[in-house]
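Enquirer: Could you have a look at this structure, given as structure tokens, before my questions?
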Amino acid sequence: MTRLQKALILLLVAGIPAAAAPPFFATAPDLCFTAGSTTYQVTPGAPEADFRVRIAASAADLGSQDLRIQLVDDVDAADFALVDDVTASPSACSSAGNVKTVEVVGKDSPADVAVRLSREGVDGDLKLFVHSARFGHQDAAALLAAMRHYQGTRLALIR
């Protein structure tokens with residue numbers, strides 16, 4: 001497990017209690033997830049999204065900085081798990097810290113990162129488990145890519 005993955009897991013574990021006071025999942029159309037002091041909000045059609053994520057159709061569509069994410073059916077095998085069974089909340093995304101907007105864009109749109117989703121374990125950078133009433137695999141992958149990108153940028157600035 002790389003240093004970045006360990007840092008993301010630590011931030012996720014530390015962020016869950018901090019997110020317990022405000023709701024860390026919100027109802028559609030805004031999907032939110034809080035990790036540490038940052039809330040990531042998936043917002044379709046955001047005019048100025050902080051992160052733009054493209055879902056790649058094939059491995060050939062990926063660059064060296066892009067992610068290959070394997071979808072898994074076992075939470076114990078996952079590097080990142082997104083599970084929500086909480087009741088729907090009428091409030092929009094709220095955060096006491098930073099809010100970063102994330103948009104899933106089409107194949108011809110500019111993107112900060114591309115993500116290839118696959119059920120096969122071929123060269124996956126990360127493993128993702130999703131069991132959610134609100135988040136689909138693409139939304140969860142976009143959140144994971146944005147968190148990894150943002151945390152990677154912050155860690156690079158600290159070093």
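Enquirer: With a 10 Å Cβ neighbour count serving as the proxy for reagent exposure, in which order, fewest first, do R119, R52 appear?
Expert: R119, R52
Enquirer: Go through 56-63, 98-105 and give me the packing order, highest mean Cβ count within 10 Å leading.
Expert: Final packing ranking: 98-105, 56-63.
Enquirer: Still on this structure, I have one more. I need the phi-derived Karplus couplings for region 33-38: 6.51 cos²θ - 1.76 cosθ + 1.60, θ = phi - 60°, integer Hz, Gly and Pro marked x.
Expert: 8, 9, 10, x, 9, 10
Enquirer: Among Y40, Y150, rank each residue by its count of other Cβ atoms within 10 Å, from fewest to most, as a rough exposure measure.
Expert: Listing Y40, Y150 from fewest to most nearby Cβ atoms yields Y150, Y40.
Enquirer: Once phi is turned into θ = phi - 60°, what whole-Hz ³J(HN,Hα) does the Karplus curve with 6.51, -1.76 and 1.60 give for every residue of region 127-139, x standing for Gly and Pro?
Expert: 10, 10, 10, 10, 9, 8, 7, 10, 9, x, 4, 5, 5
Enquirer: Still on this structure: Could you pull out every residue, at least 5 positions away or on a different chain, whose amide H is within less than 5 Å of the one on G36? Hs are placed 1.01 Å off N in the peptide plane, and Pro or chain starts have none.
Expert: Amide H neighbours of G36, under 5 Å, 5+ apart: G15, I16.
Enquirer: Quick query: amide H of R116 versus all other amide H atoms, modeled in the peptide plane; which residues come in under 5 Å with a sequence gap of 5 or more or a different chain?
Expert: A56, L67, R68, I69
Enquirer: How large is ³J(HN,Hα), in whole Hz, for each residue of region 55-72 in order, when computed from phi with the Karplus curve 6.51 cos²θ - 1.76 cosθ + 1.60 and θ = phi - 60°, using x for Gly and Pro?
Expert: Taking θ as phi minus 60°, the curve returns 8, 7, 7, 8, 5, 5, 7, 9, x, 5, 8, 7, 10, 10, 10, 8, 7, 10 Hz for region 55-72.
Enquirer: Arrange the following residues from fewest to most other Cβ atoms within 10 Å of their Cβ: R54, R148.
Expert: R148, R54
Quick note: the coordinates plus some simple rules give every number you see, no bench work behind them. The structure presented is a predicted model; accordingly, all values stated were derived computationally and were not measured. Glycine gets a Cβ as well: all are built from the backbone with ideal geometry, and neighbour counts include every protein chain shown.
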